[in-house]
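In what follows, a structure is listed as structure tokens, so that the remarks can point back to it.
The values are calculated or read from the model by the stated rules, or taken from the named source; none is laboratory data. All values derive from a computational prediction rather than experimental measurement. Cβ placement follows ideal geometry from the backbone for every residue including glycine, while neighbour counts extend to all protein chains displayed. Remember, those area values only see protein heavy atoms, side chains included, never the ligands or the DNA or RNA. Shrake-Rupley method; radii C 1.70, N 1.55, O 1.52, S 1.80 Å.
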Amino acid sequence: MFRVMFHEPRIPPNTGNAIRMVAGTGCELHLVKPLGFDLSEPKLKRAGLDYHDLATVTVHENLDAAWAAVTPARVFAFTAHATTSYADIAYQPGDVLLFGPEPTGLSEEVLADEHVTERVRIPMLPGRRSLNLSNAAALVTYEAWRQHGFEGAV
């Protein structure tokens, strides 16, 4: 359906939560190294519960390898430094939802990458830096899935 990509994630429970979320939605999770943890870390396993076998998770050595695996596709890069709201996008199956590492977000270099179709933000009150990574990914993934009638859901 959709592809959630975490660029250089740092916090194991966020990735564990995302594993559980993609298992529940039928999406793919793409993790771009370096990771700030080992995939066997107990906190990641605990957050993902028993969903690891139900999730499609791919680890890429670097961003170039990730692009090779997911293109051609539209790539929406999530950043507080954008003007377009995630709710204003008409998502299509296969779209890549790209999120940056905690706590810095996506670097300017990644945001300027030629594969990025558009920079997108999640609206928040002024003075707030960002949402939790796994919460942000879930919010956007469910909006994209909602736009397609929650295809495949019960």
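Below is a table of values for the structure above.
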read-out	value
Projected label distance in nm at Asn135 and Arg74, using a 7 Å step from Cα toward the beta-carbon	2.7
For the range 8-154, projected area of the alpha-carbon convex hull averaged over all directions, nm²	8.8
5 angstrom amide H check on Ile11, placed H, neighbours 5+ away	Glu102
Full-stretch length increase - Arg128, Val154 - with 0.36 nm per residue and alpha-carbon distance subtracted	5.8 nm
Estimated translational D of the range 59-140 in µm²/s (Stokes, Kirkwood radius over Cα pairs; 25 °C; 0.890 mPa s)	184
Charge tally in the Cβ shell below 13 Å around Arg129, where Lys, Arg are +1 and Asp, Glu are -1, Arg129 excluded	+1
Selected from Leu39, Leu125, Leu29 as most flexible by GNM, with the chain as the system and alpha-carbon contacts under 10 Å	Leu125
At least 18 Å along the helix axis (C-alpha) and Kyte average at least -0.5, DSSP helices within the chain	12-25, 133-146
Net charge of Cβ neighbours under 13 Å - reference Phe76; Lys, Arg +1; Asp, Glu -1	-1
Mean residue ellipticity (222 nm) of the chain, computed from DSSP H runs ≥ 4 via -39,500 (n - 2.57), nearest 500	-9000 deg cm²/dmol
Max mean-square fluctuation residue, GNM over the chain, Cα-Cα springs under 10 Å, options Arg121, Arg74, Arg129	Arg129
Contact order normalised by residue count of the chain, Cα under 8 Å, 6+ apart, percent	28
Where Glu102, Glu108, Glu118 fall by accessible area, highest first, once all protein chains stay in place (1.4 Å)	Glu108, Glu118, Glu102
Share of carbon and sulfur in the accessible heavy-atom surface of the range 115-154 [1.4 Å probe, %]	54
J(HN,Hα) series, the range 115-128, from Karplus relation 6.51 cos²θ - 1.76 cosθ + 1.60, nearest Hz, glycine and proline x	7, 6, 6, 7, 8, 9, 10, 9, x, 8, 5, x, x, 9
